[in-house]
Structure formats: C-alpha cells, structure tokens
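**Q** This structure is in structure tokens; I'll ask about it shortly.
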Amino acid sequence: MARSGTISVKTQDIFPIIKKWLYSEHDIFLRELVSNACDAITKRHTFARTENLEAPTGKVEVLINKTAGTLTIRDNGLGMSEEEVEKYLAQLAFSGAAEFVEKMKAQGQDADVIGKFGLGFYSAFMVADTVTVDTLSYRPGSTPVKWVCQGDVDYTFEAGTTTHVGTTITLKIAEDSKDFLNSWKVGETLRRYCDFMPYEVSYTDLEEKVEEGKELSANVVNDTTPLWKKDPKEITDEQYKEFYRKLFPMDPEPLFWLHLNVDHPFTLQGILYFPKINLQKPMQEQGIKLYCKQVFVSDSLKNVMPDFLTLLKGAMDSNDIPLNVSRSALQGDPNVKKIANYVIKKVAESLKKLATNERERFDKVWEDIGLFVKYGCVSDTKFDELARPFVLFKNSSQKLVTLSEYSESIPEKYKEKLKEKVLTHDLQTGDESLRKQLLAEGVEAISLDQMIDPHFTQHAEMHKQGEVAYKFVTVENELENILEANPATADDMKIQDFFKEALGAKPETLDVEVKGLKNAVSAAYFKVDESMRRFQQMTKSMGQTGFHMPLKKTLVVNPTHPLVQNAFKLWENDKKDLARKLVTHVQDLATLSSEGLASDNKEAFVTRSQALIQELSGFAV
C-alpha cells in the first residue's frame with residue numbers, strides 16, 4: 001500500500017539551496033551517487049563476512065534512456081528496507097555511514113566506507129525533477145521498496161518491483177540538465193570522478209544501435225586497483241610511466257617519481273611525478289589529482305597545497321580528507337594541511353636522496369626541476385631547510401655546483417677577498433668577456449638565467465642556514481676587488497674627463513670611472529649599483545613590465561687599452577670628432593657585451609659603425 005511522508009528538515013527551502021549552493025559543479029551528483037553505491041557494496045561484503053552469507057562481485061551500472069529522459073544508477077550492494085529508506089533518506093541530516101562505522105567498531109572491525117547518505121544523495125536534485133529509489137535489502141525475507149520524491153519535502157512509498165538485492169536510483173532529468181542524457185557527457189563525467197573507484201563502474205546507452213544478434217555493451221570506466229595501492233617493490237619503471245600516461249596522455253615522459261604510503265597519523269597513498277617543465281607553455285594548475293578512498297575529489301589545489309607543489313603531477317588518495325568539491329572546505333581542513341606538510345617533507349627528502357646517492361642523474365634532471373626546487377625554497381621554510389643545500393647553479397666552467405661547492409672552488413689567494421661572496425653572471429645582461437677574464441684567474445662565477453633566481457638569491461642572503469652566510473655580487477661589481485687596480489695617475493684622470501666630455505655624460509644616468517685593472521682585456525665595461533639592479537630584476541620577474549626606473553650606469557674605462565689610448569691622443573691633437581666617434585664605439589662595445597642594444601638603437605649603431613670604419617679605412621688607402 002502506498003503511503004506518503006515529509007522529509008525531516010528544518011526549512012522548506014532546502015531543495016533550492018541544494019540545487020544552487022551544495023556543489024560548485026552540477027556533474028558532481030554522479031560522483032556522489034556512484035560513491036554511495038560503492039559504499040553500499042562495501043557494507044554488503046562486510047556483513048557477508050560477519051554473517052557467513054554469499055556476496056556477488058560488486059559493480060555499479062549507469063543506464064541512459066534518452067526517450068524516457070532518465071538516468072539510472074544501479075548497484076548490487078546491501079539494499080535497504082522501507083524503515084531504512086525512511087531513516088537514511090527522509091532524515092536529510094542523518095548519515096547511515098556514521099551508524100555503520102560505529103557498529104563495525106563495536107565488533108572490532110575497520111569499516112572502509114566511501115560516502116555518506118544524506119546531502120550526497122540529494123545532490124541528485126541538482127539535475128533531476130523526480131528521483132525514484134527502488135531497493136531490496138540483502139536480509140532474507142525482505143520485500144522490495146520504492147521511494148519517490150519530486151524535488152520538494154514530500155515523498156511517497158510504493159510497492160517495489162526490483163528482484164535483485166541492491167539499489168536502483170532513477171533520475172527524471174530536468175529540462176536544463178538534458179546534457180546528462182548524452183552518453184559522451186556521462187562517460188566523460190564518470191571517467192573524471194570514478195576512474196579509480198574500488199568496484200567496476202560502467203555506463204550503457206540503452207538506445208545505442210548495435211548489430212543484429214549482438215547485445216548492448218557496457219563501457220567500463222575505472223581501474224579498481226590503482227597503481228598507488230600496489231607495493232612499490234613490485235612495480236616496474238614502465239608501469240609507473242604507463243600510469244603517468246594514463247593520467248596525463250599529452251605529456252612527455254616524467255623525469256622520476258615518488259611513491260607515497262603512510263598510515264599514521266593520517267592515511268595517504270599516492271604517486272607524485274616530476275614532469276618536464278616547459279617554460280614556453282603556461283603552467284597547469286591541475287597537476288595533482290586528489291582522491292578520497294579512490295573517489296576523485298579535486299584537481300584544483302591552488303591555495304590548498306603550496307603553490308610550488310602544484311608544479312608536480314600525479315595522484316594522492318587519503319581516507320582523511322572531506323569528500324567535497326568545495327576548495328574552501330579543503331583549504332580549512334586540518335588533515336589536508338597535515339598531508340601538505342608531509343608531502344613537502346617527502347619531496348624534499350627524495351630530492352636530497354637523489355642528489356646525495358645519484359649525483360650524476362640529479363645533475364641531468366636539474367634543468368627541469370631547478371625552477372621547482374628554488375621556488376619551493378623561497379615559498380616554504382621546511383622545504384628550504386632540506387632542499388637549499390643541494391640547489392645547483394652552473395659555473396663558468398659549465399659545471400653544476402652547490403653553493404658550498406662553489407665556495408670551496410675559490411682559489412686560496414682570493415678566499416679572503418671573496419669570503420661569503422658568490423660571484424654571479426646574468427646570462428641576459430652580464431659581460432661574458434669579464435667572466436672569462438676571471439676564469440683565467442681561476443675564479444668561477446655562477447650563472448643566473450631564471451626568473452626565480454633574483455628571488456632565491458635574496459632569500460638565501462636574508463635567511464642564512466646555520467653559520468653559513470652568502471652575499472651574491474655581480475662579476476662587474478666585484479672585478480675591481482679581485483684584479484686590483486693600479487693607483488690612478490694624472491693621465492688617468494685626464495682620460496676620465498675626456499670620456500665624460502666626449503660622451504656628454506649626465507651624472508644622473510651615466511658616470512665614468514677609470515680603473516687600471518691588472519690583466520684587463522676590455523677597453524671598458526658597465527657596472528650598475530647592486531641595489532638598483534636587484535630592484536629592477538625583482539620588478540621584472542614579478543611581471544611589472546610597465547614600470548620603468550632608469551638605471552644609473554657607470555662606464556669603467558681601462559686607461560691602458562690601445563683603443564682608449566689612441567682615442568685620447570686624437571682628442572689631444574684636436575681631432576675631436578674622430579675621438580668622439582671612437583669613444584662612442586667603446587661605449588657601444590661595452591653595451592653589446594652586457595645587456596645588448598635595444599631594438600631602436602641597433603640601426604643607429606650600424607650607421608655609426610659604418611661611418612667610423614669608412615673614416616678609419618680612408619687613412620689606409
């Protein structure tokens with residue numbers, strides 16, 4: 001006999017709230033209903049063991065019927081009696097899973113339950129006008145029950161028609177959600193949320209055309225035993241790579257990976273991959289897929305995990321995170337924070353192990369992981385403590401070295417002068433000739449060529465580890481200290497005045513110094529005040545391209561260089577026009593050796609150079 005009832009809630013507006021606010025993505029309803037189905041299968045298997053009953057292999061079927069406008073989710077779990085349906089579905093805030101867990105704990109058993117009844121079930125009303133539940137309990141002598149609700153707080157019970165133990169939920173899809181009657185949409189949604197659920201999940205389009213004599217085929221969407229649940233000792237490298245290709249089919253092969261497995265003080269299993277980072281492509285935020293008991297939760301972990309970890313890719317599965325798509329809920333969850341801290345530590349430890357035990361391999365992958373490691377050091381204190389000692393830089397000899405290895409490489413005669421200093425060479429703006437000049441003296445310089453380097457070097461200076469301190473200085477600004485300048489003579493000062501006048505140097509933008517450096521090979525080079533240079537680098541690396549602060553540069557002139565000597569003699573002999581052209585050319589060469597000429601200055605440089613060469617060649621004919 002049919003009877004009616006009212007769902008036990010405190011407000012008549014609960015369904016509009018569910019429809020609009022419960023989840024940020026409406027397709028999540030499939031995840032909720034399928035995970036509830038897996039939950040019911042787990043319960044049936046648990047009771048079957050404790051009560052010596054038979055239990056079939058668990059499976060969940062999703063059936064699409066476009067003509068009828070319905071989507072059906074069917075499982076062979078434990079099913080429900082009429083009393084249980086009313087208790088678990090009609091009392092909206094009640095969780096059947098909670099009661100089940102308590103019962104299993106009382107019997108001394110672990111209950112692995114995916115989801116909860118209640119709000120998860122009611123997510124169906126985000127896409128359905130009517131929801132029908134047809135269920136038969138596993139208990140001997142049970143009768144089938146049908147429960148019907150049309151999206152308000154009223155429901156009816158009718159005599160059920162199902163003959164198999166389990167639950168069948170039929171959704172009459174609402175007009176604005178008809179895309180969920182499309183088999184491609186259903187398949188794509190199931191693969192996204194259910195690709196690793198613990199029981200077989202399949203979908204079938206009941207109106208799919210098949211050849212005569214053949215049956216409709218079910219499309220299985222999941223792997224019930226994901227790689228992260230297997231013993232790492234039994235997994236080959238090829239299996240790890242194949243799993244990565246399954247998760248990220250468009251990516252190149254990963255560099256290496258880290259298998260996570262912890263059961264205290266929280267549960268966590270997973271595999272994190274270090275991918276090849278292509279700086280020419282925008283970074284993907286969907287690198288790490290987060291699961292709760294093999295049920296997909298989210299792949300958008302920005303502000304949930306530290307930013308630098310989102311450069312990694314892979315999958316993590318934990319029983320201790322909320323099965324919700326709300327990123328704000330994940331952000332505030334204490335277990336998620338604990339997991340993030342654990343992952344930070346494990347990643348740093350795995351990199352340290354690789355750097356210590358397989359240095360040659362570590363060097364080979366550094367080009368791809370360097371950005372990640374430096375970013376992590378700047379972003380997270382705990383990661384920095386473990387990772388900074390093995391951060392690598394390429395020195396003048398093209399060898400990758402740590403900061404401590406760099407310090408050890410400084411020749412004994414320069415150790416006092418370069419105490420706690422690290423010479424740097426910016427590959428975009430540094431003067432290569434000066435670096436080679438120092439290399440001839442046995443003094444190395446490390447190359448800075450990444451946007452993260454200005455942040456890392458400043459961070460390393462401000463946050464020293466133990467008693468070790470570093471100060472990063474450019475080759476240009478330290479050259480004089482290393483090579484030693486001869487005392488300035490009266491002629492040197494005349495050359496300085498000559499260059500200032502010939503160049504029309506303005507003190508606010510250009511200064512001129514004359515330094516008689518020992519073994520100097522360049523006619524002149526530029527140096528920039530260190531603090532101004534760093535400020536410009538930081539603003540550039542932060543994307544503030546619209547902000548332009550003119551840098552005051554100093555042209556350091558070598559008074560003994562033949563080109564400088566000849567220009568000065570021409571000036572003294574009143575051939576000022578040619579002398580001025582030579583001085584300008586010296587300045588151009590210094591610019592080319594450092595940051596290079598701006599595009600709007602290249603034409604003028606070519607014109608000046610041609611005129612100068614033409615004039616000088618005229619003296620030879």
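**Q** Using a simple spin-label model with points 7 Å from Cα along the Cα→Cβ vector, what separation in nm is obtained for residue 575 and residue 276?
**A** So the two model labels end up 5.7 nm from each other.
**Q** Would you work out if the range 354-486 is rounded, prolate or oblate? Take a ≥ b ≥ c from the square roots of the eigenvalues of the alpha-carbon gyration tensor; rounded if a/c is under 1.5, else prolate when a/b is larger than b/c, oblate otherwise.
**A** Since a/c reaches 1.5 and a/b is larger than b/c, the shape of the range 354-486 is classed as prolate.
**Q** Whole-Hz Karplus ³J(HN,Hα) for the range 579-585, in order, using 6.51 cos²θ - 1.76 cosθ + 1.60 and θ = phi - 60°, x for Gly and Pro?
**A** So the J values, rounded to whole Hz, are 4, 5, 5, 5, 5, 4, 5.
**Q** Return the whole-Å distance between the Cα centroid of the range 36-66 and the Cα centroid of the range 182-206.
**A** If we compute the Cα centre of each part, the gap is 17 Å.
**Q** Moving on to the next point. Mind listing the long-range amide H neighbours of residue 255? Cut-off is under 5 Å, sequence gap 5 or more, other chains count too, H placed in the peptide plane at 1.01 Å from N.
**A** 274, 276
**Q** Related question: How high is the FRET efficiency between residue 164 and residue 233 when r is their beta carbon distance and R₀ equals 41 Å, given to the nearest 0.05?
**A** Using R0 = 41 Å, I get an efficiency of 0.50.
**Q** Return the Rg/Rh ratio of the range 229-268 with Cα-based radii and a Kirkwood Rh.
**A** With Rh from the inverse mean 1/r over Cα pairs, Rg/Rh is 1.04.
**Q** Sorted by mean Cβ packing within 10 Å, highest first, what order do the peptides 311-319, 483-491, 497-505 take?
**A** Ranked by mean Cβ neighbours within 10 Å, highest first: 311-319, 497-505, 483-491.
**Q** Then there's this: If R₀ is 30 angstrom, what is the calculated FRET efficiency for the pair residue 402 and residue 521, using the beta carbon separation as r and rounding to 0.05?
**A** 0.50
**Q** If you don't mind, another one. May I ask you to list the trypsin sites (Lys or Arg not before Pro) in the range 151-186 that are in a DSSP loop and have at most 11 other Cβ atoms within 10 Å of their Cβ?
**A** Sites meeting the loop and neighbour criteria: none at all.
**Q** Show me 369-377, 453-461 ranked by packing, highest mean number of other Cβ atoms within 10 Å first.
**A** Descending packing order for the listed peptides: 369-377, 453-461.
**Q** I've got another one for you. Over 10 Å intervals from 0, what percent of Cα-Cα pairs in the range 454-521 sits in each interval?
**A** 17, 29, 28, 19, 7, 0
**Q** Treat each spin label as a single point 7 Å out from the Cα along the C-beta direction, and report the residue 530 to residue 463 distance in nm.
**A** So the label points at residue 530 and residue 463 sit 2.1 nm apart.
**Q** What Kirkwood hydrodynamic radius do you get for the range 134-206 when you take the inverse of the mean 1/r over all pairs of distinct Cα atoms, in Å?
**A** Result for the range 134-206, one decimal place: 14.9 Å.
**Q** Taking amide H atoms as placed 1.01 Å from N in the peptide plane, list the residues 5 or more away in sequence, or in a different chain, whose amide H sits under 5 Å from that of residue 59.
**A** 76
**Q** I need the GluC sites (Glu not before Pro) found in the range 177-209, filtered to DSSP loop residues with at most 13 other beta carbons within 10 Å of theirs.
**A** Those satisfying the criteria are 207, 208.
**Q** Just to confirm my numbers, what's the Cα centroid distance between the range 455-529 and the range 381-450 in Å?
**A** Taking the Cα centre of each part, the range 455-529 and the range 381-450 sit 18 Å apart.
**Q** Another one. Given H placed 1.01 Å from N in the peptide plane, which residues other than close sequence neighbours of residue 422 have an amide H under 5 Å from its amide H?
**A** Excluding prolines and chain starts, which carry no amide H, the hits are 471, 472, 473.
**Q** Another question about this same structure. Just to be sure I understand the model, the point goes 7 Å from the Cα along the line to the Cβ. What's the resulting residue 617 to residue 566 distance in nm?
**A** Simple spin-label model gives 1.5 nm for this pair.
**Q** Report the Cα-based extents of the range 139-254 along its three principal axes, largest first, to the nearest Å.
**A** 56, 40, 37
**Q** Another question, if that's okay. What is the mean projected area of the alpha carbon convex hull for the range 386-456, to one decimal in square nanometres?
**A** Across all orientations, the range 386-456 yields a mean hull projection of 5.0 nm².
**Q** Here's something else I'd like to know. Please compute, for the alpha-carbon atoms of the range 190-280, the extent along each of the three principal axes and give them in descending order in Å.
**A** Extents along the principal axes: 51, 40, 23 Å.
**Q** Can you work out the Karplus-derived ³J(HN,Hα) for every residue in the range 494-504? Use 6.51 cos²θ - 1.76 cosθ + 1.60 with θ = phi - 60°, whole Hz, and x for glycine or proline.
**A** Whole-Hz 3J(HN,Hα) from phi for the range 494-504: 5, 5, 4, 5, 4, 5, 4, 5, 5, 8, x.
**Q** Rounded to whole Hz and in sequence order, give me ³J(HN,Hα) for the range 410-415 from the Karplus expression 6.51 cos²θ - 1.76 cosθ + 1.60, θ = phi - 60°, writing x for Gly and Pro.
**A** Using θ = phi - 60°, the values come out as 5, x, 4, 6, 10, 4 Hz.
Just so you know, all these numbers are worked out from the coordinates, no wet-lab data involved. Model, not experiment: these values are computed from the prediction. Here the Cβ is made from the backbone with ideal geometry for all residues, glycine too, and neighbour counts use every protein chain on show.
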